[in-house]
Every structure is written in structure tokens, then in C-alpha cells.
Amino acid sequence: MDNEAENKAIVDVLGVGFGPSNLALAVAFAEMPEPDRPTALFIEQKPDFAWHPGMLIDGSRAQVPFFKDLATLRDPTSRFTYLSWLHERGLLFQFVASRDVTPLRSELEAYYRWAASHFTEQVRYGHRVVALEPVRTPDRVSLVKAVVQDTATGHRGTVLARNAVVAPGGTPYVPECAAGVDSPRVFHTSVFTEAVPATYSDRDAPYRFVIIGAGQSAGDTARYLLDAYPRARVDLAFRGYAPRPLDESPFVNELFDPDARQFMLSLSHAERDAVRAEHHFANYSAVDLSLLVDLYRRRLNDAILGRSRLGMLPFHELRGLDADETGVTVTLHNRFGQDETTLRADGVVLATGYQRGAPFLDALTPFLRLADDGTPEVAPDYRLHTVDEFAPAIFVQGLSESTHGLSDTLLSLLSVRAGEIADSLAGIRKAANHAAEWQRLDRAA
């Protein structure tokens, strides 16, 4: 082992990221018996806990019921459930009286913050993992070393761990034609609540906004802009004929049950892709039906009153953006008419979703077993399959949709997945302790 590694404390589990996924893992650890509980350190690049702060739009709802929280589906008696949080705040009876099982996004974020406040000593905020590297002994890789960078100072240090749980979350996807545009008038929905008031301070101005996309974030931002700027014009540009409703019917919702995950794991790669494509609108590029009805009713009301504030540009793809001090020129391509439309806007909102990946795992790639399609093999308990000489267990959260199904990037199985990973890590810890005890007895004999 290298000299640096010899002089450092070693944690059982390094958590990369501290969003809802690894927060649920911390909760699962906290509720384990002390002898089985792994030591854990989480690295989070945000300065404190935050869940999509740029999309905490007034009145916007989460797309999951409250019982898909950090603990309920794993253990309904947990002290970290959404209902326990409400009870602690004296709000449980009011919540029951509301007869509403779906919290606002701001309410869910407040609950997450409350849960995260119990683990501040286990989280290193304001830091990011630059790389995970193997630590070798003569015949095997015994540990992983995380290269950790302070996001404020740029200073780098290292953390040694026996195992790692990687939950980096998503990074905003920006279309190639918009990637080089540096203007406060062009922004992704991930920074919406910061960008809009900073750039558009006059609530009575006749701004024109163009929103690229047709998912929930597009619908939420459209409604906000229509409410916040009564004289504004808002256009939605999207690839399809119309925004689609989120498919949350009860039978389709069974896709997010643990049994469905096991079914997905039994399929071939091609079969999994087919199932995911068939039910794409249970997760992606879809809007809550009540919000669609609200937007349609607004457009009808405007037409009755002789005005046009909400426009739809179906079958249009973004092809170019050119921003200057006074506005943005937007070039859109009609997928079927083969013509191009040029609009002049005061602001462009990229409701283009997120992409997922973990480039900091690159140094471990030689030790991963790959499937036929070249992606890492993932076990049912979310552990990456590795070669025999690689001892650390590497688990992933939110990076296994292609194997485990549509629920992987959602909040639906948050607590169940965390519980399974925690149990696996506790088993690894117990086996290692047994092995160490046998070695001690052998030496004593």
C-alpha cells in the first residue's frame, strides 16, 4: 500500500454525492444495530443540502406521493418518515385534513433538509470527488482512494475507503447548439428560480419567453411565467404534436415496484430497452395532467378575451441561439415541414432535462466486468461486478436504468434501494470482521 494510504483513517463507505439517494442510505445506516453499522463519509459539492433549488417554484408539486420518502417503504416505523417529520413539527393533523398525498416540491425539500440535518458530521459539503482510484497491494486492489477537491479553494485531498456508493445525480443537459451561448437570457431550468428574477425584474414588461421542451419542468416554468408576468408571451417548442400527460395509472405505476425491477433484470438488453421505450412517458417528457388542463384552460380564456399569451410550436427542434444585450434570436427547425422559424425572444428556458454519468470512475474501468453492450454489469443489489482481484464493493444509485428499469432515477424506490445497499454493505463489514478475528486467533495460536 502506498505511504499516503498507510497514514490515513479508512472509512467503510465513501458516499459520492449527498442528494436524496445517499441521504436515504445514511438513514438506513442510522437505523442499523451498532455492531453492523458501517462507518460512512459523504462528499457533496453543494455548500449545504439542497434538492433542485432552482426548480422550487411556488405551487409546483413533486411527482410522487409522500410515502415514497426516505424510509416508509423500507420501514414504516422509521423515525425518518415524512409523517414523523410532520408529527415532530405539529403539522400531522393539518396534513391529514388536507386529504392530499402529494407534497409540494418546497415541502418535500424541507423534509429532506430536516433529515439531512441529522448527518452533518458525516458529510463534507462544498467538496467534489474528482476521481476514484485503486489502492494496490502486491496481489490485489484492497481500497479505493477518492481525490476530493474543495469547490471554493480548489485544494485537493484524499479519502481512503473500503467501499463506495456512487450517487452523483444528474447534470443539466444543454443542446449542442446552446452550449457555447454565454448569456443570462439563456438558462437551464436547473437555475430557473435564480435566473428569472435576476434578469427580468419588471413584472409589467411585455417579455417574450421561449421554452424548449415539453416535460414537467417546461409546464411548471410556463405556468410560473404566465402568472409572474401578466403581459408576457410564452411559447413552448417541442418535438412532438403536443405535450404528453404523465402516465401514472395504477397498472403502469407497478413498473416502480421492486417486483418490476426483478422482472427487468431477467430480460435481455434489447428486451429492457423495448420495455423502457414503451413506457417512456411514465417518467420522461411528460406533464402532470392537471397542469396540462390548467395551461389549456388559460389559453382558451386568453382566446376568449382576444389575447394570445401561451403559444405552442409542435414538431420543432432547436437549431440555433444567438444572444446579445437586448435579447435572443432563436432558430427552430420544423421536423416535417423542413422549414426553419426564427423568433426574437427576451429569454430562452432550456427545459431539456438531465444526463447521468460518473466520469470519476474512469480509473476503475479496468477492474469492471462489462456487459455485451459495453456498459458495466450491475448486480440486483446495485453493486458493480468487478474482477476477482478487486476487493472494494462499488455500488451505484441512479446510474442503472438500463438494467433495473425506469424507477432507477426516480424517488419511487429510494428507501428500498438504500436498504438493500445498506444490508449488502453491513454483510461485507461483518464478513471482514469475521476474517480479521480468525486471522488474530491464528496469530495467537
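Here is how the numbers come out for the structure above:
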quantity: Distance between region 353-423 and region 176-228 - C-alpha centres, whole angstrom; calculated: 34 Å
quantity: Note, ³J(HN,Hα) from phi for region 268-275, Karplus 6.51, -1.76, 1.60, rounded to Hz, x at Gly and Pro; calculated: 6, 4, 5, 5, 4, 4, 5, 5
quantity: Rounded D (µm²/s) - region 133-222, Kirkwood Rh over Cα pairs, Stokes-Einstein at 4 °C, 1.567 mPa s; calculated: 73 µm²/s
quantity: Largest-first principal axis extents, alpha carbons of the chain, Å; calculated: 93, 50, 46
quantity: Distance-filtered residues of region 359-389 - backbone nitrogen under 11 Å, label point 7 angstrom along THR158 Cα→Cβ; calculated: none
quantity: For the chain, the longest site-free run once GluC sites (Glu not before Pro) in DSSP loop states with at most 13 other Cβ atoms within 10 Å are removed; calculated: 1-324
quantity: The chain - mean residue ellipticity at 222 nm from DSSP helices (-39,500 (n - 2.57) per run, n ≥ 4, rounded to 500); calculated: -9000 deg cm²/dmol
quantity: Rh (Kirkwood; distinct C-alpha pairs) - region 304-394, Å; calculated: 18.2 Å
quantity: Calculated over region 201-317: convex hull of Cα atoms, volume per residue (Å³); calculated: 128 Å³
quantity: Kirkwood-based shape ratio for region 1-141, expressed as Rg/Rh from alpha carbons; calculated: 1.06
quantity: Net charge, GLY427 excluded, C-beta distance under 14 Å - Lys, Arg +1, Asp, Glu -1; calculated: 0
quantity: Solvent-accessible area per residue for the chain (1.4 angstrom probe, square angstrom); calculated: 49 Å²
quantity: Tensor-based shape of region 173-247 (alpha-carbon gyration tensor, a/c under 1.5 rounded, otherwise prolate or oblate); calculated: oblate
quantity: For region 382-421, alpha-carbon Rg over 2.2 N^0.38 Å; calculated: 1.28
quantity: Along each principal axis, Cα extent of region 244-304, largest first, Å; calculated: 54, 21, 11
quantity: Rounded to 5, percent antiparallel among DSSP beta bridges of region 34-149; calculated: 75 percent
quantity: Region 102-207: trypsin sites (Lys or Arg not before Pro) in DSSP coil with no more than 16 other Cβ atoms inside 10 Å; calculated: ARG140, ARG203
quantity: Sparse-neighbourhood loop sites, chymotrypsin sites (Phe, Trp or Tyr not before Pro) in region 212-286 - DSSP loop, at most 14 other Cβ within 10 angstrom; calculated: TYR241
quantity: Globularity ratio of region 83-154, using Cα Rg and 2.2 N^0.38 Å; calculated: 1.83
quantity: Region 220-266 - Rg (one decimal) and Dmax (whole number), Cα, Å; calculated: 17.9, 54
quantity: Under Karplus coefficients 6.51, -1.76 and 1.60, residue-wise ³J(HN,Hα) of region 300-310 in Hz, glycine/proline x; calculated: 5, 4, 4, 4, 4, 8, x, 9, 9, 10, 10
quantity: Accessible-area composition of the chain, carbon plus sulfur, in percent [1.4 Å probe]; calculated: 52 percent
quantity: Per-pair calculated FRET efficiency, R0 = 35 Å: ASP322 and VAL387 via Cβ, rounded to 0.05; calculated: 0.10
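The values are calculated or read from the model by the stated rules, or taken from the named source; none is laboratory data. All values derive from a computational prediction rather than experimental measurement. Cβ atoms come from the backbone with ideal geometry, glycine included; neighbour counts cover every protein chain shown. Heavy atoms of the whole protein, side chains included, go into the accessibility calculation; ligands, DNA and RNA do not. Shrake-Rupley method; radii C 1.70, N 1.55, O 1.52, S 1.80 Å.
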